[in-house]
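K.L.:
Structure incoming, see below.
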Amino acid sequence: MKLKRIFLFILAGISVFISHGLSFAGEVEDHAPIGVMGDHQHKKGEWMASYRYMRMDMPEHYTGTKKQSISDVHNDFVVSPVDMTMEMHMLGLMYGVSDELTLMVMVPYLIKDMEHRRRTDSKQFSTHSQGLGDVKLSGMYSLKEMTELPLHLNMGISAPTGSINRTDRTLLGPDRNLPYPMQLGSGTVDFHPGVTYLDKSENWSWGAQANSIVRFGRNEQKYKLGNAYDASSWLAYKFNELVSSSIRVKGSIWGNVDGADPRLNVNLVPTADPNLQGGERVDMFLGVNLLSHKGALKDHRLALEVGYPVYQNLTGPQLGVGLQGTVGWQKAW
Ligand SMILES: [Cu+2]
């Protein structure tokens, strides 16, 4: 855990060091920290491609705000998760339809690993799933004319392209359906309304974004993941034309599963219980944004953001988040 954190901070340091050696120009502060999506718009006819790698470690259980040991979880369940890692590769494409409307498509690829321990003999076993997640199409519509503020609406819709039928060997045998956190999609068409504020002065930039995921109906397994809401605000300082660094705070709330996947055994493991999935969390992030304006990397953006929770209140026992980080590349033309 600690080593990973140190590694990420060293990586950030190296990025800053390397970038200082090059000669850049431009407006590095025009983009929010890389962990924020749909933060900016493009001018008419402009394109942007992006790639992000995100990783989140979930090393400990919480019930409410209280940490739980694995033996606490074993008091009520035959199997306890030990930890979980979520990785995501995400490709994005943006296009400025007009100066007011930017379209964006995001294609996630997820990799999930969960380690478990059995109550009976303390033996550990792990499950794995990977594949395409839910593809999201969104429109960002400027409210600048209407409100005279640097504000835009985020209107997204995601398609159930991520599987809810992933299986792996579990305690019950081979090819058993994996619980909710290990599936790759919601199985429902989801709406992602939000609003973003992004402003700057000479050396500072700041912004705020509120997002939500609102789901309707039930998926083919007759359940619906909980709705989710989050709000971020950030402040970034531009050291020079090529480097800015940021601090961000994010609050998130998400609900329990509505209905239940009939293929899961609720009494076996807490991740299979639809009523142990909700929670709320506050994360703090530090980030670095780089923008090149010269040489082979002209107009390429590189960015890193690392986060750690300062508050978690989970309907548990449920695995809570530890270290999380995003590295990203962006290029507009
Ligand atoms: Cu863009």
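The values are calculated or read from the model by the stated rules, or taken from the named source; none is laboratory data. Keep in mind it's a predicted model, so treat the numbers as computed, not measured. Heads up, the Cβs are rebuilt from the backbone with ideal geometry, glycines too, and the neighbour counts pull from every protein chain shown.
K.L.:
Scan segment 284-298 and tell me whether some residue there is charged (D, E, K, R) and in contact with a strand residue (DSSP E or B) (Cβ under 8 Å, 6 or more places away or on another chain).
P.N.:
Filtering segment 284-298 for residues charged (D, E, K, R) gives 294, 298.
Imposing the further condition that a residue be in contact with a strand residue (DSSP E or B) (Cβ under 8 Å, 6 or more places away or on another chain) reduces the set to none.
Checked segment 284-298: no residue is charged (D, E, K, R) and in contact with a strand residue (DSSP E or B) (Cβ under 8 Å, 6 or more places away or on another chain).
K.L.:
Name the pairs: first residue in segment 89-100 and over 11 Å from A332 (Cβ atoms) and among the β-branched types (V, I, T), second residue within 13 Å of the ligand (Cβ to nearest atom) and at pLDDT below 95, Cβ to Cβ under 7 Å, at least 6 apart or on different chains?
P.N.:
none
K.L.:
So, one more: Test H89 against the stated conditions and say whether it is surrounded by fewer than 19 Cβ atoms within 10 Å (Cβ to Cβ) and over 29 Å from G173 (Cβ atoms). Outline the logic, then answer.
P.N.:
Details: surrounded by fewer than 19 Cβ atoms within 10 Å (Cβ to Cβ): yes; over 29 Å from G173 (Cβ atoms): yes.
Considered against the rule, which asks whether it is surrounded by fewer than 19 Cβ atoms within 10 Å (Cβ to Cβ) and over 29 Å from G173 (Cβ atoms), H89 comes out as yes.
K.L.:
Still on this structure, I have one more. Kindly indicate which of M106, M54, M94 is part of a strand (DSSP E or B), more than 15 Å from the ligand (Cβ to nearest atom) and not aromatic (F, W, Y). Spell out the reasoning first.
P.N.:
Working: M106 fails: more than 15 Å from the ligand (Cβ to nearest atom); M94 fails: more than 15 Å from the ligand (Cβ to nearest atom).
So the residue among M106, M54, M94 that is part of a strand (DSSP E or B), more than 15 Å from the ligand (Cβ to nearest atom) and not aromatic (F, W, Y) is M54.
K.L.:
What are the residue pairs meeting all of these: first residue in segment 241-254, first residue more than 30 Å from V214 (Cβ to Cβ), second residue hydroxyl-bearing (S, T, Y) and not in a strand (DSSP E or B), Cβ atoms under 9 Å, and 6 or more apart or on different chains?
P.N.:
E241/S23; L242/S19; L242/S23; L242/S292; V243/S15; V243/S19
K.L.:
If you don't mind, there's one more thing I want to ask. Which fully enclosed strands (runs of 3 or more DSSP E) of segment 256-333 have 1 or more residues being modelled with pLDDT of 95 or more and closer than 23 Å to G187 by Cα?
P.N.:
Working: elements: 279-291, 300-320, 324-332.
Hits in segment 256-333: 279-291, 300-320.
K.L.:
Let me ask you something else. Within segment 143-227, which strands (runs of 3 or more DSSP E) (wholly inside it) include 3 or more residues that are touching a residue at least 40 places away in the same chain (Cβ under 8 Å) and more than 26 Å from H40 (Cβ to Cβ)? Before the answer, list the steps.
P.N.:
Details: elements: 151-158, 167-170, 173-177, 190-200, 204-215.
Those strands (runs of 3 or more DSSP E) span 167-170.
K.L.:
Here are G287, G320, G278: which of them is farther than 14 Å from T63 by Cβ, of a type in the set (G, A, S) and within 18 Å of the chain's Cα centre (by Cα)?
P.N.:
Numbers: G320 fails: farther than 14 Å from T63 by Cβ; G278 fails: farther than 14 Å from T63 by Cβ.
One residue alone meets the criteria, G287.
K.L.:
Continuing with this model, one more query. Quick one: which residue in T147, T102 is out of contact with any strand residue (DSSP E or B) (no Cβ under 8 Å at 6 or more places or on another chain) and over 30 Å from N75 (Cα atoms)?
P.N.:
Values: T102 fails: out of contact with any strand residue (DSSP E or B) (no Cβ under 8 Å at 6 or more places or on another chain).
None of the others qualify; the one that does is T147.
K.L.:
Among the residues of segment 311-333 satisfying the criterion of being more than 14 Å from I253 (Cα to Cα) and hydrophobic (A, V, I, L, M, F, W, C), which is farthest from the ligand (Cβ to nearest atom)?
P.N.:
This residue is L319.
K.L.:
Among (1) buried (at least 19 other Cβ atoms within 10 Å of the Cβ); (2) farther than 22 Å from L319 by Cα, which single condition is M146 missing?
P.N.:
(1)
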